[in-house]
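The values are calculated or read from the model by the stated rules, or taken from the named source; none is laboratory data. None of these values were measured; they are calculated from a predicted model. Cβ atoms come from the backbone with ideal geometry, glycine included; neighbour counts cover every protein chain shown. Accessible surface areas use protein heavy atoms only, side chains included; no ligands, DNA or RNA. Shrake-Rupley method; radii C 1.70, N 1.55, O 1.52, S 1.80 Å.
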Amino acid sequence: MKAWMLDYAYLVTLGAVIAMIVGSAIYTQQVKRQSEAGVQAAANAPEIAASASPAQEMTVTPLPTIAPLTVHPVMLTAASTQWPVEGEVLRGFDEQALVWWESLGCFRTHMGLDIAGEAGQAVACCADGKVKSSTWDELWGWRVMIEQTDGRQVTYSGLESSVVSIGESVTRSQTIGTLLSRIPCEGEMPAHLHLQVRNKGMMQDPEAMLPER
């Protein structure tokens, strides 16, 4: 009887030990699984957060467009010009009426201003500018064309000589040449200067840019 009881106690003890070992193994496995699940959740957390809160696109407002600066030539007034010679007006500007040109033997419009002078008299520049041409013409004598700072192109015809050269900058009242005794194509008239003004491709009355006398 005593031996049986000892065997029974041994079996009960062995069963308890086995139960403890199995329980401990099961608990350890559960803890391991929970730990792995936590690590995985922590690893995926940034992706979830990134997808849950996408970055907002920045809206860039373009700067207003600034129109290019346009530089216009300074328009000269009568106060900033002068008469090239001091004689009286022999014949005025007329772009419509026909005038008899005795030396040429024909009727033509008179697209300039004839100002009386004396042979050899100095001719002054009407306004500041730059010499664009200085040439001898069989009908007009020396012709000097000056582009003024206001854009007008002024031609001085009937010169005996020219004392300026192409590309030279000139100023108002500067001498550009001297008068002929007679202009070949206007030989019926005494010594004078034939003044022409062109503005933006159109011929204009020279008196409009000259000061009143």
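If you go through the range 179-203 and keep only what is assigned to a strand (DSSP E or B), open to solvent by 30 Å² or more (accessible area, probe 1.4 Å) and in contact (Cβ under 8 Å) with a residue 60 or more places away in the chain, you end up with Q196, M203.
Within the option set I176, I146, being open to solvent by less than 50 Å² (accessible area, probe 1.4 Å) and either free of Cβ contacts under 8 Å to residues at least 40 places away in the same chain or in a loop (DSSP other than H, G, I, E, B) (or both) holds for one residue only, I146. Of all the residues in the range 149-165, those that are farther than 20 Å from S80 by Cβ and outside any strand (DSSP E or B) number 2.
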